[in-house]
1. Looking at (1) on the phi < 0 side of the Ramachandran plot; (2) more than 21 Å from the chain's Cα centre (by Cα); (3) surrounded by fewer than 13 Cβ atoms within 10 Å (Cβ to Cβ); (4) not acidic (D, E), can you tell me which one G257 breaks?
2. How about the range 138-159: which of its residues are open to solvent by 40 Å² or more (accessible area, probe 1.4 Å) and either outside any helix (DSSP H, G or I) or in contact with an Asp or Glu (Cβ under 6 Å, 6 or more places away or on another chain) (or both)?
3. Answer yes or no as to whether V98 is over 19 Å from P131 (Cα atoms) and either within 12 Å of ligand 2 (Cβ to nearest atom) or at pLDDT below 90 (or both).
4. Across the range 276-287, which residue is farthest from ligand 1 (Cβ to nearest atom) among those that are free of Cβ contacts under 8 Å to residues at least 40 places away in the same chain and surrounded by 14 or more Cβ atoms within 10 Å (Cβ to Cβ)?
5. Yes or no: P56 over 29 Å from L223 (Cα atoms), open to solvent by 10 Å² or more (accessible area, probe 1.4 Å) and out of contact with any Gly (no Cβ under 9 Å at 6 or more places or on another chain)?
6. Going by the structure shown, is L4 open to solvent by less than 60 Å² (accessible area, probe 1.4 Å), away from ligand 1 (no atom under 16 Å from the Cβ) and closer than 22 Å to T219 by Cβ?
7. Restricting to the range 65-85, and then to whatever is out of contact with any Leu (no Cβ under 9 Å at 6 or more places or on another chain) and either open to solvent by 40 Å² or more (accessible area, probe 1.4 Å) or at pLDDT below 85 (or both), can you tell me which residue is farthest from A26 (Cα to Cα)?
8. Out of the range 27-78, which residues are of a type in the set (V, I, T) and either under 18 Å from Q126 (Cβ atoms) or in contact with a His (Cβ under 9 Å, 6 or more places away or on another chain) (or both)?
Amino acid sequence: MRTLLDRSVLFFGGKGGVGKTTCAAATALEAARLGRRVLLVSVDPAHSVADVFDTPIGEAPTRVAANLTARELDPAIEAERYLGAVREQVAQLFSATVVKQAFRQFELAAQAPGLEDVAVFDRVMQLVLEPVAGFDLLVVDTAPTGHALRMLAMPDALVEWLDALARRRGDIVSENDRTPGSRDADPVVASLRQRSARVQAFQRRLTDAAATGFALVLTPERLPIEETKRAADTLDRLGVGVPAVIVNRVLPVTAEGDYHAARVRQQQVYLGEIAARFASYPLTTVTQLESDVHGIPALERVRAQLFGTA
Ligand SMILES: Nc1ncnc2c1ncn2[C@@H]1O[C@H](COP(=O)(O)OP(=O)(O)O)[C@@H](O)[C@H]1O
Ligand SMILES: [Mg+2]
C-alpha cells in the first residue's frame, strides 16, 4: 500500500458511508508521518473529515496533525466565488450594455442546478494545477461515486464545449472584421482557448498514473461491490489509474456467536467475489473496529492496518 503514496494527488471514492473519509484521512496521516506535507480536501457536501479528526474544520485550511492540514469545501461559497470570477471576466471583455444583461443572467445562474458542481470542479482543478505552496500531497475526499465520476468526466465535455464556443465566436469575429488575424486577436476567443488548454492540462494530470491515483473504498456487501466495479470500469475508460481498492469493515473471524458467525460467512462470500472481480487491482482490507473512527487514536488503527506499520 505504501506505493500509493508515490503520487502527488490521491482521490478517494466509493459509495456513501463505506469509509471514504476514514481511509482518505488514514492515508493522509501515514503520508504526513513519513514527512510529506499533506493537504486533505473534502469535496463531499456531507463532510465528515471533522468527525474523523474529532475537531472542527470547515472552509479554512485547518492543521489537524503534524504535516497535515484539512479543509472542507463549501459548495455554496465555491459557487459564489466562481460566479464572481466569471462576472469579473465578463466585465473586462464586454461592453457595459452586454455586462448589464449578463449580470441579470448571473442572478438566475446562481440558482441553477449544477453551478455548485462546476464551481467545486474548478476549485479541484486549481488545487491540482497550482498546488498550494507548502504542500506536496493533495488528498481529495470525494462525494459518493456517481457524483465524483461525473466530476472527473467533466473535462471531456468541457473541452469540446469550450472549443466549439471559441470556433463560433471566431467565426462571428471574422465575419464582422475581415482583417487577417482578427479571430486570434479577439479577447473572448483567447479566453475560451486559454480555459480549454487549462482543462486539458488537468485531464493530462488526472490520467498520469504516476502523478494521480483514484483509490476506491468498498465494504463486503452486494451494492458497494456492484457500484465499485462500475466505478473502476468508468475510471479505466477515463484513463484514470486505480492504485488501491480498500475493502473496509471486514469482520474479525475470531468473534463468537451464531449471529456473528453467519455474518462472517456472508462476508467471506463477498470477499471471495471481490478478490475475483478486482483481481487486477492492489487489494487491501481494514477490519470493522468496535466503534466509529473518531479521533486520531482510532484513525491510527486504520492507518496501521492499511500500511502495515505500528
Ligand atoms: N473500519 C471501521 N470500523 C468502524 N467504523 C468505521 C470503519 N470505517 C468507517 N467507520 C465509520 O463508518 C462511518 C462512515 O465512514 P466514513 O469514512 O465517514 O464514510 P464515507 O466517507 O464513505 O461516507 C463513520 O461513522 C466511521 O467512523
Ligand atoms: Mg465522507
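The values are calculated or read from the model by the stated rules, or taken from the named source; none is laboratory data. A quick note: this is a predicted structure, and the numbers were derived from the prediction, not measured. Because the Cβ atoms are built from the backbone with ideal geometry, glycine has one as well, and the counts that use them run over all protein chains shown. Surface accessibility is based on the protein's heavy atoms, side chains included, excluding ligands, DNA and RNA. Shrake-Rupley method; radii C 1.70, N 1.55, O 1.52, S 1.80 Å.
1. (1) is the only condition that G257 fails.
2. P144
3. Values: over 19 Å from P131 (Cα atoms): yes; either within 12 Å of ligand 2 (Cβ to nearest atom) or at pLDDT below 90 (or both): yes.
Yes.
4. Looking only at the range 276-287, we keep the residues that are free of Cβ contacts under 8 Å to residues at least 40 places away in the same chain, and these are 276, 279-280, 283, 285, 287.
Checking the rest, the ones that are also surrounded by 14 or more Cβ atoms within 10 Å (Cβ to Cβ) come to 283, 285, 287.
Values: L283: 16, T285: 10, T287: 6 Å.
Step by step, filter the range 276-287, then rank; the result is L283.
5. Values: over 29 Å from L223 (Cα atoms): yes; open to solvent by 10 Å² or more (accessible area, probe 1.4 Å): yes; out of contact with any Gly (no Cβ under 9 Å at 6 or more places or on another chain): yes.
The answer is yes for P56.
6. Details: open to solvent by less than 60 Å² (accessible area, probe 1.4 Å): yes; away from ligand 1 (no atom under 16 Å from the Cβ): yes; closer than 22 Å to T219 by Cβ: yes.
The answer is yes for L4.
7. By that ranking, first place goes to A85.
8. Looking only at the range 27-78, we keep the residues that are of a type in the set (V, I, T), and these are 27, 38, 41, 43, 49, 52, 55, 57, 62, 64, 69, 77.
Result: V38, V41, V43, V52, I57, T69, I77.
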